[in-house]
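Notes to accompany the following structure.
The values are calculated or read from the model by the stated rules, or taken from the named source; none is laboratory data. Since the model is a prediction, treat every value here as computed from it, not as a measurement. Here the Cβ is made from the backbone with ideal geometry for all residues, glycine too, and neighbour counts use every protein chain on show. The accessibility values were calculated without ligands, DNA or RNA, using every heavy atom of the protein model including side chains. Shrake-Rupley method; radii C 1.70, N 1.55, O 1.52, S 1.80 Å.
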Amino acid sequence: MKMKGFPYIKDYHFETNAEVIAIPIPTDIQQIKKSDLRLAIDWRLKTGELFKALFAKGYVAAGIEREQGENIQNYLLKKQE
């Protein structure tokens with residue numbers, strides 16, 4: 001989703017046992033901070049909560065995916081066995 005030309009993150013509340021989870025992160029967070037600090041803080045807070053919750057459930061960082069020309073990259077978290 002986009003707000004003022006920048007992507008924004010929805011509220012995420014989920015329970016999952018998926019093997020791999022993708023957490024979206026804007027590729028231009030520094031530009032977002034300069035243009036809309038409130039939006040940048042929203043990204044940091046929401047994704048930070050997602051990472052904390054998933055790390056607590058046994059997920060570990062496994063990689064990053066990004067499509068050429070996209071303004072979102074996905075941090076991949078994998079369930080540790």
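Only residues that are at pLDDT 65 or above and either touching a strand residue (DSSP E or B) at 6+ places or on another chain (Cβ under 7 Å) or open to solvent by less than 50 Å² (accessible area, probe 1.4 Å) (or both): list them for the range 7-27, please.
Of everything in the range 7-27, those that are at pLDDT 65 or above and either touching a strand residue (DSSP E or B) at 6+ places or on another chain (Cβ under 7 Å) or open to solvent by less than 50 Å² (accessible area, probe 1.4 Å) (or both) turn out to be I9, T16, A18, E19, V20, I21, A22, I23, P24, I25, P26, T27.
Each row is one residue, and each column tells you yes or no for (1) open to solvent by 40 Å² or more (accessible area, probe 1.4 Å); (2) out of contact with any Lys or Arg (no Cβ under 7 Å at 6 or more places or on another chain); (3) modelled with pLDDT of 95 or more; (4) of a type in the set (G, A, S).
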{"residue": "I29", "(1), (2), (3), (4)": "no, yes, no, no"}
{"residue": "K33", "(1), (2), (3), (4)": "yes, yes, no, no"}
{"residue": "D42", "(1), (2), (3), (4)": "yes, yes, no, no"}
{"residue": "V60", "(1), (2), (3), (4)": "yes, no, yes, no"}
{"residue": "G63", "(1), (2), (3), (4)": "no, yes, yes, yes"}
{"residue": "R66", "(1), (2), (3), (4)": "yes, yes, no, no"}
{"residue": "E70", "(1), (2), (3), (4)": "yes, yes, no, no"}
{"residue": "K79", "(1), (2), (3), (4)": "yes, yes, no, no"}
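Restricting attention to the range 18-31, which residues are under 15 Å from G48 (Cβ atoms) and not in a strand (DSSP E or B)?
I29
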